[in-house]
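The values are calculated or read from the model by the stated rules, or taken from the named source; none is laboratory data. A quick note: this is a predicted structure, and the numbers were derived from the prediction, not measured. Note that each Cβ is placed from the backbone with ideal geometry, even for glycine, and that neighbours are counted across all protein chains shown. Only protein heavy atoms, including side chains, enter the accessible area calculation; ligands, DNA and RNA are left aside. Shrake-Rupley method; radii C 1.70, N 1.55, O 1.52, S 1.80 Å.
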Amino acid sequence: ANFSEQVVESFPSDISTGIYYGWACVGNGDVHKMVLSIGWNPFYKNTKKSVETHIIHTFKEDFYGEILSIVIIGYIRPEKNFDSLEALISAIQEDIEEAKRQLDLPEHLKLKEDNFFHLPEGKIENNH
């Protein structure tokens with residue numbers, strides 16, 4: 001799930017590029033583990049900074065147009081380039097495993113239940 005350019009531009013300018021982990025929720029659905037990439041994706045030679053969320057869950061259908069709420073909990077590694085698509089895929093799989101391990105820690109699990117993820121019905125302000 002990629003955030004729009006408008007959302008990316010609203011992220012703090014001093015946030016380091018790299019791979020993060022945390023929690024994500026689509027609409028008022030369940031909260032799931034996630035891995036987040038913030039940066040330029042050098043393997044794909046992007047010219048614009050992007051924020052891409054990989055929710056560690058299989059959804060039955062697309063959720064385009066839904067509100068995506070995330071909480072970033074921790075940092076896994078800096079952004080880097082890869083020699084091959086296979087190396088990139090391998091790194092992503094390692095990032096997912098690290099995120100799962102970290103998010104199973106009690107101090108991170110409790111944040112899954114935070115009120116932040118409970119959107120009031122019909123009250124969405126400032127795209128949040």
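Quick look at the values:
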item: Subset of the stretch 74-110 [loosely packed, with under 13 Cβ neighbours inside 10 Å and more than 17 Å from the chain's Cα centre (by Cα)]; result: Asn81, Asp83, Ser84, Leu85, Glu86, Ser90, Leu105, Pro106, Glu107, Lys110
item: Residue within the stretch 87-102 that is among the hydroxyl-bearing types (Ser, Thr, Tyr), more than 14 Å from Tyr20 (Cα to Cα), free of Cβ contacts under 8 Å to residues at least 40 places away in the same chain and part of a loop (DSSP other than H, G, I, E, B) present; result: no
item: The stretch 52-67, subset within 21 Å of Glu9 (Cα to Cα) and at pLDDT below 90, residue most open to solvent (accessible area, probe 1.4 Å); result: Tyr64
item: Verdict on Gly29 being assigned to a loop (DSSP other than H, G, I, E, B), open to solvent by less than 60 Å² (accessible area, probe 1.4 Å) and at pLDDT below 90; result: yes
item: Residue within the stretch 33-40 that is modelled with pLDDT of 95 or more, among the aliphatic types (A, V, I, L, M), under 12 Å from the mean Cα position of the chain (by Cα) and open to solvent by 30 Å² or more (accessible area, probe 1.4 Å) present; result: no
item: Unmet criterion (only one of (1) in contact with a strand residue (DSSP E or B) (Cβ under 7 Å, 6 or more places away or on another chain); (2) part of a helix (DSSP H, G or I)) for Phe63; result: (2)
item: Some residue of the stretch 42-49 being among the aromatic types (Phe, Trp, Tyr), modelled with pLDDT under 90 and part of a loop (DSSP other than H, G, I, E, B); result: no
